[in-house]
Every structure is written in C-alpha cells, then in structure tokens.
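Taken together, the values in this text are just the output of simple stated rules run on the coordinates, not laboratory data. What you see is a predicted model, and the numbers here were worked out from it, not measured in a lab. Cβ sites come from the backbone with ideal geometry, for glycine too, and all protein chains shown count toward neighbours.
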Amino acid sequence: MLRNALFVLGFSIFGQIAHAQSTCTGSGRFVDTVFSCVQVQKDIQYGTGVFDWSWGNLLCLNLNAPPYQTQLPLRLDWYEPCGDTLAVRPLVIAIHGGGWAEGDKNDLAALCTDLAKRGYVVASINYRLSLPSNLLCWDLDVDSVRMMRAVFRAIQDAKASVRYFRANADTYRIDTCNIFTLGVSAGAFTALGVAYLNQENERMGACGLQTQYDAWFGNWICPDMGSIEGKGGNPGFSSSVRAVVNLSGGLFDLSWIDGPADPPLLTFHGTADDVVPYGYGCVVQNAINLNIFHKCIHESSANVLQDFAENRGVDAQLITFPGGGHGYTAAEIATIQQEIPPFLCARMKGTVAAYAPEEPVRSVFPNPVSDDLQIVGFQAGDRVQLFDLQGRMVLSGNTGVVDCRGLGAGLYVWRVGNWGGKVVKY
C-alpha cells in the first residue's frame, strides 16, 4: 500500500483556522500559542506501585534480594499556563520513553511546555521502570515474559494517573471529558495501552503467575500482577481517555483495538526507525542487528497500526517521516508540535461552551482510500469537500460516501463543515 501516494491535510490548510475560531475559542486557544508563561510544579505523587522480581535479578537494585515488595511513590510534573482563568481545562498525560528501563518525566519538558502555552494542562508522569538498563538484568537477551510484565506495569501506573486526575478534577480544574494520553517510544506503547487495553480478558498471559521462575522463601518470584487497572490508587474512577498520540511506538497486540468507539489515534513515525521498526518488526531491532539480543518480540506500528485501526473504523491519522529514525530532527519536532494541538482540539468533547463542539466529530475511513471514502458522523445538511494541494476543490457532495475513483494518487484535504483531516488515495 503506497501510504505516501495521497494525503489530505485538513488541519494544516483549513482545520487550524476553523478549529481555532469555532471549535475552540476565538483567541485560538488549544491550537495556537496564546500564553507566554508556564508554571511547573515538580514531583507530585499520584499513586504507588510495588516492586517485584521482574525488576531484575540478584545483580540489580543495589544487590537487594527478591522479592522486592517495597512501595514505590509514583510522581508527576504538572504544567499549566500562567494566569489561566478557564474553569476547566483539557489534560494531556505525557509518558516518557526509555525501553521501560530508563528515562524520566523531565525528558518531555519541551513538548509539555509547548502544549501548556497553547492552553492545555499537562502531566508528565514517571512509572515503574521494570527492565533495568544494566545488561546483566536482561540476561544478555530480550525476555518476552519480563518485557510484557514491564509494559503491563507501566500501563497500570499510567491508568492510575488518569484516575488520579478524575478523582482530583476540582483541584486541578480538569475537564474530565477531555483527558488525552501522549507517549514517546516505550511511553507510546504505554499510552496506547491506556487507550485500548480496556478488557480484563485482553491482559497478556505473562502478567499471570509465572511458575517457571519458582519462588523465593515461599514468595513467588513472578506473582500475578492483578487487574489492568492495578492498585496505584483512586479505585472506582475511570481510566478512559478521549484520544491518544503515539510518537514512535506501537502495540504488541492489535486485538486491543475494538472499533469506532475507541479513542482516536494520531501516530508519528520515521521509516528508518531501528528501535521500533516502521510497520511490523522486532523491538530493539538495532540491538538484534548487533547480536546483543537474539530474540524477536514482534510489534505493530506506523502503517500496520494505522491500517488495522482504520479497518476497525477508528478515527486514526499517520504522519510519516521519510528516512526518520527513532529520535527526531528539529524539523520533525516542529511538525509534531504543529500537528498535535489541532488533532486534540478537533476531538474535544464536553460541556465547556468555550470549546466544546455542538456537533459530532467527523472522521473518515478507510484511509488510505482506493474507491469510496466513508464519512463517520455525517449528518443531514452536511456538505463534503475535497481539495488538492493548490487549494482547488476536486470533489463536493452532500452524502456520507465520497467516490474517489476518479482522483489520482496524491495529497488531498477533506472538509465537512469545520472538520478536516488526512486521507491517502492510492
């Protein structure tokens, strides 16, 4: 499938203006930079987690012996615009990368600051780092059981952060209808897990009791890890999110994505990524190529994830960086900062008149499209328009199905009222 054949750039050409002036506030909040100052509060505790054997082995954790049943405080950094008077604000929960072995909430400070200047409030979280960076703790190989437990542990903690803000929404002035997750690399896998792992029967098998690792003085080394929500705090509150932003991550299990009711997805990925390969491949492919690790743990990202989501009817968009690696260039970072705010803004839902749309969010599928483009959320009276990159209208109609057979492959913009997005014609 030729994903670079045809994109529709609704937000870049039309959507930013429309959303800034109608879906959002007239000042451009949630799309444009409207604040010059951001306040940051460090190290707020949002929950607790428990060490266990999957943190490593006898050579890890300062030579402490397992099982590690110590309670670990889970902390976050809080970003909000200076002098913000809006009664409730949309929240972005940012999750750092590092292979579930390293990294810190401060790693995403620049992106968090940028979003806060546009009017969002942002929480950058730490979570239990469950695969120590010491290679001896990896046994010189990738252990799929430990990795899945690491992923699951991070998802439990990130879900706890969502519940924390719903439980304390008045304190932080959070619009609980508009909580988003955003992650980079391992943090993106985690953010996707928060969005799509919502059924207990979807829990990975590695999260159950692992008898092959035996017990330590009567305590199982790898005990059952509990429910998908975990025990991080604030039980009874929902951990659901409105949408998810995936930067260079993917899913180990695509079946977590169910259908059109799932949160919308925005993905950024480079085609030359050698840590999380573009499409379908082995995580840490670079280490496998160097003969450091020898086991392949498959993941699905970028166009594979995009195609699967679209086929399930999920509102999904993919922005590809041709030749891009696992890190980002300055130009790619600028694209990321430009594209995330209108994506989130267009999908806000709630009761705040300042930015809550009165009409349903529109989306399209399949994307890429070869023949008929379906408009999700189409209502009587809507008018659909497609434009080429010169701004010329190439198609117009008043039905929820657009026949694209006569279009050549390339990049287009679709618009329904004030809504716009991207689509590929191949």
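Amide H to amide H, which residues 5 or more places from ILE319 or on other chains are under 5 Å from it, using H placed in the peptide plane?
The list, which skips near neighbours in sequence, is THR267, PHE268, HIS269.
Counting other C-beta atoms within 10 Å, which of ILE44, ILE257, ILE95 has the fewest, and how do the rest follow?
By the 10 Å Cβ count, ascending, the order reads ILE44, ILE257, ILE95.
How would you rank 320-326, 265-271, highest first, on the average number of other Cβ atoms within 10 Å across their residues?
In descending order of packing, they fall as 265-271, 320-326.
Return the subset of LYS42/LYS159; LYS117/LYS349; LYS42/LYS231; LYS231/LYS349; LYS231/LYS295; LYS105/LYS295 for which the Cα-Cα distance in this structure is over 26 Å, preserving the input order.
Check vs 26 Å cut-off fails for LYS231/LYS349; LYS231/LYS295; LYS105/LYS295.
So if I take the centroid of the Cα atoms in the range 371-404 and the same for the range 75-131, what is the distance between those two points in Å?
The range 371-404 and the range 75-131 have Cα centres separated by 37 Å.
Tell me, how many Å apart are the Cα centres for the range 310-349 and for the range 176-191?
Each part's Cα centre sits 13 Å from the other's.
Based on other C-beta atoms within 10 Å, arrange GLU339, GLU202, GLU332 from fewest to most.
If I rank by nearby Cβ atoms, fewest first, I get GLU202, GLU332, GLU339.
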